[in-house]
1. Since C139 meets every condition but one in (1) hydrophobic (A, V, I, L, M, F, W, C); (2) in a helix (DSSP H, G or I); (3) modelled with pLDDT under 85, which condition does it not meet?
2. I'd like to check something: does the stretch 109-123 contain any residue that is under 26 Å from the mean Cα position of the chain (by Cα) and either part of a loop (DSSP other than H, G, I, E, B) or modelled with pLDDT of 90 or more (or both)?
3. Being assigned to a loop (DSSP other than H, G, I, E, B), more than 34 Å from the chain's Cα centre (by Cα) and not charged (D, E, K, R) is the filter; apply it to the stretch 55-84 and report the residue that is farthest from R45 (Cα to Cα).
4. For the stretch 1-42, name all the residues that are modelled with pLDDT of 85 or more and either touching a His at 6+ places or on another chain (Cβ under 6 Å) or open to solvent by 70 Å² or more (accessible area, probe 1.4 Å) (or both).
5. Out of all the residues in the stretch 74-109, which are touching a helix residue (DSSP H, G or I) at 6+ places or on another chain (Cβ under 7 Å) and basic (K, R)?
Amino acid sequence: RAGGRAGRRGEPPPRPAIRRRRRRGLRFGPWLLEAVSSGQYPGLRWLDGARTAFRVPWKHNARKDVSSSDVQVFKDWARASGRYQPEREDPARWKTNFRCALRSTRMFEQLQDCSKSDEDPHKVYRVVGEARLWPRGECGAGAARSALLLPTESPGSNALVTAPAGLGIPPTLDISIFYRGTLFHREEVSSSRCLLAYQGAEGAAALLPGLPWLVRFPSPAGLADHKQRRFTEELLRNTGLLLELRDNKIFAQRLNKCKVYWALSDQLDAGNLSPKVLCRNQETEIFDFVAFCSELTDFRDHRRKRSPDFTIFLCFGQCLSNTKPKESKLILVKLVPKFCEYLREQVLREGASSLNSSSLNLQLSNSFSLFELIEQYNMQLD
């Protein structure tokens, strides 16, 4: 009894707290991508310029020519995941843990198994699914830790490392275009700059020389109501919006006459929305990835009740308000940074939840009146 529970025979000593935090925060897929890009492990490297396929050295432990460098990547994953036992060097167990992690994640697909080769035993994998959103450049260790949502190692701290300026957030942006609540176009943009315009490439080039990725507003010709079609067409002829991701932020700039209002989805539901308008030819910050990561940390650690918002709505020619649903607007664009969506899913898998039984309220409505919309319609051009 004097020795306490930790002193009972046959029971292993408890692991240090830092290991438990690491196992909660660390994901194998992003860790492996960083390891492949680091160039620190012999035989572990990318096989193509686009960095979609890589090889892993896979020499059998029973071979006489096996060396410490052949198993270093397995050993380092054991350390990173909290499974390494300094008093017990066990390369077979390290490789088993590594293999299990490869199989359990949905980020990689095995293409070749050359592990029985006498000259160069290895396996080849392809990057698939959500792993395509992660940066695979030559980023430093600090950037990698931020991207992986790793906790800091300072004593008593469980905060996530914030994203530094050089992190290189993947620019993948999901863009959906709605005409009065109906989805007309959806596109995934993987460029740091994109232009939303109704004109084709020639007309868009007049708005912005050196044309970036072009997302075209679809024609409203298919709309059944002729008044809605006419008003929508008139607004579209005056649209032009530049989106740019840099310095871990998203900036928007209006390039044409049609006014553009913006808000996060939570702000539309809060009941105290103050309209925010994009000024013409003036850059405006509409999203901050660093702030998002900080708020996501608080959500994960139960310091805030709801997951931070990352869905951005842009309304063209009409002011967003709490009194009218966003689905009633003639032209509405929804932006979703896929990187934020991925990070939020990872935190939710750890057990965090935004659901509160006392406040859960689901409401559906499709009673919008087009006549009421046109009656209150006020084209805003300047």
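The values are calculated or read from the model by the stated rules, or taken from the named source; none is laboratory data. What you see is a predicted model; the values in this text were computed from it and never measured. Here the Cβ positions follow ideal geometry from the backbone for every residue, glycine too, while neighbour counts run over all protein chains shown. Surface accessibility is based on the protein's heavy atoms, side chains included, excluding ligands, DNA and RNA. Shrake-Rupley method; radii C 1.70, N 1.55, O 1.52, S 1.80 Å.
1. The one condition C139 does not meet is (2).
2. no
3. A62
4. Q40, P42
5. K75, R83, K95, R106
Quick grid of which residues meet (1) outside any strand (DSSP E or B); (2) open to solvent by less than 60 Å² (accessible area, probe 1.4 Å); (3) at pLDDT 85 or above:
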residue	(1), (2), (3)
C315	no, yes, yes
Y342	yes, yes, no
L355	yes, no, no
S358	yes, no, no
N361	yes, no, no
S365	yes, no, no
L373	yes, yes, no
N378	yes, no, no
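Here's the yes/no breakdown for (1) more than 19 Å from R27 (Cα to Cα); (2) open to solvent by less than 80 Å² (accessible area, probe 1.4 Å):
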| position | (1), (2) |
| --- | --- |
| R45 | yes, no |
| K75 | no, yes |
| R83 | no, no |
| W94 | no, yes |
| R106 | no, no |
| E109 | no, yes |
